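Structure, as structure tokens:
The values are calculated or read from the model by the stated rules, or taken from the named source; none is laboratory data. All figures in this text were calculated on a predicted structure; none of them were measured in a lab. Note: ideal-geometry Cβ built from the backbone for every residue, glycine included; neighbour counts use all protein chains shown.
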Amino acid sequence: MSADLFDPTRPHTCKPSHAARELGLKPGDFDRAVQLGCIRTVPDEGGGGGRRVERAEIERVRAQDGFPESLLDRVRVVGTAEGAALMEIPAGRFTRLARLGLLVPAAFYLNRYRAVVWLYLAEELRQFAAEPENARLLKGRTPETLRGQLTAGVDLRARNWRGRHLGLLLRRAEDPWARAAAVAAFLTPVDVADIVRDPYERAQLNRFRPMPAGHGVPGSPVTHATEQITTAQDADEIGWLRSELARLAEEARSVSSVARPAARPLPPVIRTAPRPIPPMARTVTGPAEETSRFPKPAASSPGPDGFSPESTQRLPEPAAWAEEPWTRPTWSTARSCEPVVRPPEPMSASRPAAPTAPRGHGTAQPGPRRSPRGLRAWLRRRSPRRTGAARV
């Protein structure tokens, strides 16, 4: 719902959209009428930061002669072809006059081919064609000085639009920081930061910065083309805007200071007195002492079951290990390509068993040898020939 129903302190104002409907204007025509000064607006006291229109202003515009045709004629804009037909000149001559800065555009937009289309006020074109001193520019040969500028590539349409738009913004601005923000809107952020060093003042300028002329997705070609038009390009124009921004910023500082965050007191820093470095511990510099993991029992008397703790401390080494220490065998590093052939051993001969020394029981004693006769007798008993002959 409208804010008029909830705020009884503003019963005599309305929103711009509601005022445009009552005056029979489109949103673009209403904005142009406000910029040209045909309709006066007041600041929104509700804190929204916008503008509102008083009921008395709507009644004043309605009471004018020829309303609404007179108002529509004052805010009407035309393109190149329609403007040339209105001035009764060729379209090429109209474009040359606009490039030379003799015809100032009032608005622009980008068509579907991303080409800039300039719009001009129809009332200003009629006034230019009606002046007698401009008759030599509308008919006949173009003067030599103007033709030289066209040959050099002069195009003042964008610069003239920026000058007109800056004048409209300065007339509408009521706050000193708003006037400085209107000038800063046509400079790059680098130029603004070079003139206004304080970050809080730059934030104030961004707060009052007017809306850009064109809307588009950030980074799109439409937005890039719009930025090229709305930003100063010539060196003399940039220098003049920088000087104006410095002057208006100084005036704004003298009138009203920028709000800054309150400084927070820092807690006091407690500094302790330096202490001497303690000497290094003895465990670091001194030799490490051997400490047993388990404490040694005080007495070695056997327990009630006849178990003595000394018997579990360490086992005696085997005698074989002490007498014959094990040594690593040496292997020859040279490889022989000839195979090693060993003579076959007789089946009847039995290998004598190598004496083995059991661990922990002293040296090994040679045992009694088995007689080979017992093996032959056992083989003779298992032979099938012997059994067959005995049965026969």
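Structure summary
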read-out: Among the residues listed as ALA98, ALA180, the single one being among the small types (Gly, Ala, Ser), closer than 25 Å to GLU88 by Cβ and surrounded by 13 or more Cβ atoms within 10 Å (Cβ to Cβ); value: ALA98
read-out: Tally, over segment 219-264, of residues that are under 22 Å from ASP175 (Cα atoms), outside any loop (DSSP other than H, G, I, E, B) and hydroxyl-bearing (Ser, Thr, Tyr); value: 2
read-out: Meets criteria (in a loop (DSSP other than H, G, I, E, B) and touching an Asp or Glu at 6+ places or on another chain (Cβ under 7 Å)) for ARG40; value: yes
read-out: Test result for ARG159, basic (Lys, Arg), more than 30 Å from GLU45 (Cα to Cα) and surrounded by 13 or more Cβ atoms within 10 Å (Cβ to Cβ); value: yes
read-out: Positions within segment 74-105 being assigned to a loop (DSSP other than H, G, I, E, B) and more than 20 Å from HIS165 (Cα to Cα), in sequence order; value: GLU88, ILE89, PRO90
read-out: Sole residue being over 30 Å from ARG253 (Cα atoms) and either buried (at least 17 other Cβ atoms within 10 Å of the Cβ) or not assigned by TED's automatic domain parsing to the domain that holds ARG32 (or both), chosen from LEU205, LEU121, LEU187, LEU169; value: LEU121
read-out: In segment 147-156, the residues that are of a type in the set (A, V, I, L, M, F, W, C) and either surrounded by fewer than 16 Cβ atoms within 10 Å (Cβ to Cβ) or touching an Asp or Glu at 6+ places or on another chain (Cβ under 9 Å) (or both); value: LEU150, ALA152, VAL154
read-out: Any chance GLY24 is over 22 Å from ARG172 (Cβ atoms), free of Cβ contacts under 8 Å to residues at least 60 places away in the same chain and either touching a Pro at 6+ places or on another chain (Cβ under 6 Å) or not hydrophobic (A, V, I, L, M, F, W, C) (or both); value: yes
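Listed here are the residues, each with its yes/no results for (1) touching a strand residue (DSSP E or B) at 6+ places or on another chain (Cβ under 6 Å); (2) β-branched (Val, Ile, Thr); (3) assigned to a helix (DSSP H, G or I).
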residue: GLY140; (1), (2), (3): no, no, no
residue: THR145; (1), (2), (3): no, yes, yes
residue: GLY148; (1), (2), (3): no, no, yes
residue: GLY153; (1), (2), (3): no, no, no
residue: TRP161; (1), (2), (3): no, no, yes
residue: GLU174; (1), (2), (3): no, no, no
residue: ALA182; (1), (2), (3): no, no, yes
